[in-house]
Each structure stands twice: as structure tokens, then as C-alpha cells.
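Student: Let me give you the structure first, and then I'll get to my questions.
The values are calculated or read from the model by the stated rules, or taken from the named source; none is laboratory data. Predicted model only: the values in this text are computed from it and were never measured. Glycine also receives a Cβ, built like all others from the backbone with ideal geometry; neighbour counts cover every protein chain displayed.
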Amino acid sequence: MFYFESLNGYKVLKSDLINDITAFFTTREGFDFNTLNASRVVSPVQTHSDNIEIVSGKEEYPDTDALILKDKNTAVYLKFADCTPLIFYDKKLKISAIAHAGWRGTAQKIGVKTIEKMKKDFGTYPQDIIALIGPAISLCCYEVSEEVKETLLSTVSDSAGLYKERNVDLKKINARQLEEQGVKNIDICPYCTSCNNDLFFSYRKENGTKNRHMAVVIL
């Protein structure tokens, strides 16, 4: 279940599924990373790709929409405003990841590919993963073209309950993709970034705003 909490003086959104690492979503209030106990802070240049990197010693991650984190005291964040934030945590191996799943990333199954890379590189099992699907534009507000709708629904074997007329549910499509890969522990945030624009930024609601809220992890 998702809940709001004050973290170092800032309002953030957390899930009770993850409590042994710091994982949260910021709000319109923003966040000061200097308040975290992190030796370094890493964020990629997001391009709606399906490119995934493991955080290493380098400082820059261009053209990257998912980062896998294995190092302690390193904070990772990605930026969002309607797109779907995905946080993964392998509770046995103690590694984490954040993925940026707009409709293009969702169509390319970036969440599934991130877990596959965690499995390939570290031996992660999907059943050991906790997945948080953060605040994003919801079914109520996300109308797309028929072509985009069909593309998104084709990424799952069962699309029941994932659309209504021309609207699609990006959060639940990502959840269904993960479920079909064997991920069992999934928490889906109930907040729509468009409906709850007082709490989160919305690219659609705010006519292409450049402001972003963030998904953040520190081991």
C-alpha cells in the first residue's frame, strides 16, 4: 500500500512493500538530495528508449531509461511527468533498479527487460522481486490513438481490464507484463498524475510542462 511520509522535510510517496532500503517518489515539492546519506547521486539522460545500464564508476549515462543499482550509499533517480515509474528490489540479492516506462518504454517492455538483465547479470529470480509502480497518468485520463492502444495491448497475453474505449492503463499494462514474467509482489500506486495535479506534475494536464517529479532509490 502506498502512503505519504515526510522525509527530511519533504513530502514523498512510499510503499509498505519495501522497508529495508530507501525507495520513494517525490511530489511537486521536489527533494534535496543533500539530505540523503549518499556518497554520490546518479541520474541518466532519458530518451524513451529501452536502454538499461548498471550503475558503475562513471558519472554519465546518456540515452538510458533504466538503471540497476548494486552499490551501497549511491542514490539513483529518474524523472517523470505522466510516464510510469518502475522501482524493482531483489530482496534476496539486495539490488535495485528504476525504469522509465512511458508508452514507448511500455511498448518495448522496459520493465521486463530490466528484470531480465538483473537475472542475467546477477542471478535475480522474478519471484524475489518487489515491484513498485509509481504515480502516472491513469486509465481515466490517458487517451491514445488506436495504433498506440493496439501496440500496448499486444505486449501482454491477456489485455482484459487494461483499456476502455480509446483509453489505456499504463500502470496495469506494466503490472501485467511483470506478472506474466513471474513477478508476484507488485504495488500499484492509485494516484493519477493528471487528476492529482496538485501533488504531481503532468505533461498532458500542464501543456507540456518541463517540471518533473522523481523515483528515487538508495541502498
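Student: Quick check on my filter: what residues within region 12-32 are over 18 Å from Phe88 (Cβ atoms), among the charged types (D, E, K, R) and touching a residue at least 24 places away in the same chain (Cβ under 8 Å)?
Tutor: Arg28, Asp32
Student: Okay, next question. Could we say that Thr35 is over 25 Å from Leu199 (Cβ atoms) and not small (Gly, Ala, Ser) here?
Tutor: no
A quick yes/no check of all residues on (1) of a type in the set (Val, Ile, Thr); (2) part of a helix (DSSP H, G or I); (3) under 22 Å from Ile129 (Cβ atoms); (4) without any contact (Cβ under 8 Å) to a residue 12 or more places away in the chain:
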position	(1), (2), (3), (4)
Gly161	no, no, no, yes
Leu178	no, yes, yes, no
Gln181	no, no, yes, no
Ile186	yes, no, yes, no
Asp198	no, no, no, no
Arg204	no, no, no, no
Ala215	no, no, yes, no
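Student: Continuing with the same structure: Quick one: count up the residues across region 143-171 that are closer than 11 Å to Thr106 by Cβ and of a type in the set (D, E, K, R).
Tutor: The qualifying residues number 2.
Student: What strands (runs of 3 or more DSSP E), lying completely within region 23-133, carry at least 2 residues that are more than 23 Å from Leu162 (Cα to Cα)?
Tutor: 40-42, 52-54, 66-69, 74-80, 84-90, 95-101
Student: Return yes when Val12 is aliphatic (A, V, I, L, M), surrounded by fewer than 17 Cβ atoms within 10 Å (Cβ to Cβ) and either in contact with a helix residue (DSSP H, G or I) (Cβ under 6 Å, 6 or more places away or on another chain) or within 21 Å of Asp82 (Cβ to Cβ) (or both) and no when it is not.
Tutor: no
Student: Being acidic (Asp, Glu) and in contact with an Asp or Glu (Cβ under 9 Å, 6 or more places away or on another chain) is the filter; apply it to region 138-173 and report the residue that is surrounded by the most Cβ atoms within 10 Å (Cβ to Cβ).
Tutor: Out of the qualifying residues, it is Glu143.
Student: Counting just the residues of region 15-32 that are farther than 18 Å from Thr74 by Cβ and at pLDDT 95 or above, which one comes out surrounded by the fewest Cβ atoms within 10 Å (Cβ to Cβ)?
Tutor: Asp16
Student: Can you name the residue in region 33-68 that is hydrophobic (A, V, I, L, M, F, W, C) and more than 14 Å from the chain's Cα centre (by Cα) and, of all such residues, is surrounded by the fewest Cβ atoms within 10 Å (Cβ to Cβ)?
Tutor: Checked region 33-68; the qualifying residue surrounded by the fewest Cβ atoms within 10 Å (Cβ to Cβ) is Val45.
Student: Can I ask one more? Determine which single condition Val148 fails, assuming it passes every other condition in (1) part of a helix (DSSP H, G or I); (2) closer than 19 Å to Gln181 by Cα; (3) β-branched (Val, Ile, Thr).
Tutor: So the condition that Val148 fails would be (2).
Student: Of all residues being of a type in the set (Val, Ile, Thr) and within 27 Å of Thr74 (Cβ to Cβ) in region 194-219, which is surrounded by the most Cβ atoms within 10 Å (Cβ to Cβ)? Just the residue, please.
Tutor: Val216
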